[in-house]
Amino acid sequence: MLPNESLDRFLDDFLEGGKPKEKYEVKKREDAAPVRSDRELWVPPADGSLVEKPESRKLSKRTWAALLMIFVLIPLTIFIGIRIGDRKYFFISMMIMVYSMVPFVMVFEGRRPQARELVILALLAAIAVAGRAAFFMLPQFKPVIAVVIVAGVCFGAESGFLVGAVSMFASNFFLTQGPWTPWQMFATGIIGFLAGLLFKKGRLTMKKGPLCLFGFMSTFFIYGFLMDTASVLMYQSEVTWWSALPLYFSGAPFNLIYACSTVIFLFFGARPLIEKLERIKVKYGLIENGSAGKS
């Protein structure tokens, strides 16, 4: 991780395009969320949490829209994809991408999105993709869900789902697309969404212990269960309880490895990553900060 001063200089050049000072000052005054001074930057909470507690626990209409997309439209779309045949998986994946973007776009209600806001989420997705590719030789030992959880906590539930869905869709261009892709997008995205939602409602305490516990439980029970269910539906012509049970048992060790890897990456990487993201979010007025008043 870069030191804070070096990080700030890099971000000023990267997000602002290296503008001359005069143009930079004009652009800063024109922006809806201006770059903030060092005196206004985020500082770690005094209680030892990784992120400050949200001021409001009320769910916004975009979150309700996301709940509709995630728990109704996306499962229905995956079910239709199963009925019409596995060869439609690319179309189903694209539909999930569209669904995940609708609530995210609603974040910018009443103002235009700034490039810097989209770049940070794209970078998080790229980190998840790179991490998944870097550990391809270790089955199920991946940092993807850890990054997605951090994205959901720092930038909101909708952003968490979007980063999760994009990460799996993009990384499968390197690791092979297939009928499992929509399931991976849904399973990973829902964990990022739940992380942001539970944090917003005050149910997820942002300390290492609870965060790692959430990472383990969500990876093992949510991602593992959904992907095992996908295997049952994809590889069995006639699904019965007795035919499905062996697949769930055989998938348990892989789910355990994935859950443990999520805990490891959260334990060692959550604090430095969240610290940098919170500084960026506050300094540049990104997403949740800039739209808090519209929730």
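Please treat every number below as a calculation from the coordinates, not as lab data. The structure presented is a predicted model; accordingly, all values stated were derived computationally and were not measured. With ideal geometry, Cβ positions are generated from the backbone for all residues, glycine too; neighbour counts draw on all protein chains shown.
What to note about this one:
- Peptides ranked, highest mean first, by Cβ atoms within 10 Å: ranges 254-260, 277-283: 277-283, 254-260
- Sorted largest first, the spans of the alpha carbon positions of the stretch 57-294 along the three principal axes are 53, 36, 32 Å.
- Using alpha carbons only: equivalent-ellipsoid semi-axes of the stretch 75-204, gyration tensor based, whole Å: 23, 18, 14
- Taking other residues whose beta carbon is less than 14 angstrom from the beta carbon of residue 269, and scoring Lys, Arg as +1 and Asp, Glu as -1, yields +3.
- When the Cα positions of 199, 163, 264 are compared along the charge dipole of the stretch 57-294, 199 comes out farthest toward the positive end, with charges on each C-beta of Lys, Arg, Asp and Glu.
- Out-of-range pairs (alpha-carbon distance over 31 Å; input 88/276; 142/281; 58/208): 88/276
- With q set to 0.09, 0.16 Å⁻¹, the log10 of I(q)/I(0) for the stretch 179-295, from the Debye formula over equal scatterers at the Cα positions, is -0.34, -0.86.
- Charged side chains reduced to their Cβ positions (Lys and Arg at +1, Asp and Glu at -1) give the stretch 57-294 a dipole of some 940 debye around its Cα centre.
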